[in-house]
Amino acid sequence: MTRVEEKVRRGFDLVRRAGDDSDLLGAALLAFHSALSDHLDAELRRSPLLSDAERKAIDEGTLGWATRAMLAQRAGLLTEKQRDRVLDINRVRASFAHGEGFAGSARSVAAYGEFVADLCGLTQPRTAPSQRDTAAHRAPTGASRHAGDSPTRPVAAPTGASRHAGDSPTRPVAASGLRARAEERKARQAGWLPESGSLRLALAILAVLALVFLAISGLQQLLTPSTPSIAGAPPTALSAAITLPPTNTPAPKKARIVNLPPGGPGWLRTTPSFRAPTQPVPLSEGLEVTLLERAPVDAEGTRWRFVSVGGYDGWCPEHNLAMDGD
């Protein structure tokens, strides 16, 4: 799975889990937008229309979205209408990444995810059934179909009467549906239940096995000596004396995000390195995270801690964490 496919899948997973959680919906939008950025950058690298400076900006990750969208339109990757939509979404993404609340709906975020998946040439997952699917699920068995659909069985006319043009098909269809369901139940029963002779033989074998098991259990009870109690104490007192106290599970340790550079959020890294890919959840000043039980790592002159926030795990520099109690 490529990074673009992984980010699109992660975005749809966040939409399904978000419900009314605006932060998770904002994180889903970030995942979709990041996937589109990766896709366009990969396509632009292959374009002969880019200058050396523009190609270097893509490689160094410093290419802005306004320039990226303009280059993508020039290379035929985006139409003018698609470019305007992407730039509108980018303004929403930038506001959310800088700590502002996300006001979009789950439907609008899912629609943008489908838009991104189409641009990237991916088959996007359906987030909700369409009205046509819902209507098809609610239609009774044997109901009439539209032209072009393959019929499952013809609707028979009522016995002893011919159907005139314009007569309502409701009653014959319903009757056909009832008969169809009855036939399906009979077919399932015929397939699941064994022949009557085999069933009686199986029941007899089960009864014999049950009697043998009961006999063996009773014999074991007779042959097993009872355990004497200590100092005349009843068995219940001995059981109470050796009962171990419950183990207290320590509460997870918390920390807050601090010392972020001005002008932008922080990001979790997939590995303890400033060059590693980032998780889609932005880190704002004062945001609470959970410290995971994993040994700190010293890399690139920085001590890294493994934390969890917003449903994602990742590495964060220790100097950006204020532990509870500090």
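The values are calculated or read from the model by the stated rules, or taken from the named source; none is laboratory data. Treat the numbers as computed from the prediction; the structure is a model and nothing was measured. Please note: Cβ atoms are built from the backbone with ideal geometry, for glycine as well, and neighbour counts cover all protein chains shown. Each accessible area value is taken on the protein alone, full model and side chains, heavy atoms only, with ligands, DNA and RNA left out. Shrake-Rupley method; radii C 1.70, N 1.55, O 1.52, S 1.80 Å.
For the reader, a short list of remarks on this structure follows.
- Pro228, sole failed condition from (1) modelled with pLDDT under 75; (2) open to solvent by less than 70 Å² (accessible area, probe 1.4 Å); (3) not aromatic (Phe, Trp, Tyr): (2)
- Elements of type helices (runs of 4 or more DSSP H) in the stretch 23-99, at least 2 residues being open to solvent by 40 Å² or more (accessible area, probe 1.4 Å) and within 22 Å of Ala117 (Cβ to Cβ): 80-97
- Restricting Glu300, Glu293 to those that are on the phi > 0 side of the Ramachandran plot and in contact with a Phe, Trp or Tyr (Cβ under 9 Å, 6 or more places away or on another chain) reduces the list to Glu300.
- If you go through the stretch 100-124 and keep only what is free of Cβ contacts under 8 Å to residues at least 60 places away in the same chain and assigned to a loop (DSSP other than H, G, I, E, B), you end up with Glu100, Gly121, Thr123.
- Filter result (free of Cβ contacts under 8 Å to residues at least 40 places away in the same chain, more than 16 Å from the chain's Cα centre (by Cα) and more than 18 Å from Ala69 (Cα to Cα)) within the stretch 2-57: Thr2
- Of all residues making up the stretch 303-318, the number that are hydroxyl-bearing (Ser, Thr, Tyr) and either part of a loop (DSSP other than H, G, I, E, B) or buried (at least 17 other Cβ atoms within 10 Å of the Cβ) (or both): 0
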